[in-house]
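Following: one structure in structure tokens, then a few remarks.
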């Protein structure tokens, strides 16, 4: 499954919006995830939604070092490439 980077960022934004129940300005790669106003449980919920939508697994140990939308997008791209 091939996805453009902009599509991945749009998916992240869509799920953040759904969980936070508020609109966000368009996400930039430098957007710090912690500044979205999602608590840790909501962030895990968003990750679960991404995993189900994209049919990938994002290990918790790899997510621990992810702080920006761009870094999360990099990890998602890696997992999508590995899944073929």
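Between the helical axis of 69-83 and the longest alpha-carbon principal axis of the chain there is an angle of about 30 degrees.
Every Cα-Cα pair of the stretch 5-83 was included, and the share exceeding 23 Å stands at 9 percent. From helices alone, the chain scores -18500 deg cm²/dmol at 222 nm; the rule is -39500 (n - 2.57) for each run of n ≥ 4 DSSP H residues, then divide by the residue total.
Between the stretch 20-52 and the stretch 67-84, the alpha-carbon centres lie 15 Å apart.
Can you give the angle from 0 to 90° between the axis of helix 5-20 and the longest principal axis of the chain, with both taken from C-alpha atoms, to the nearest 10? The answer is roughly 40 degrees. Just checking the listed ones, 43, 60, 73: in the Gaussian network model of the chain with Cα springs under 10 Å, the one fluctuating most is 60.
For the chain, the longest principal axis of the C-alpha atoms and the axis of helix 40-54 are separated by about 40°.
Readers should treat all values here as calculations from the given coordinates under stated rules, not as data from a laboratory. Everything numeric in this text was worked out from a predicted model, so none of it was measured.
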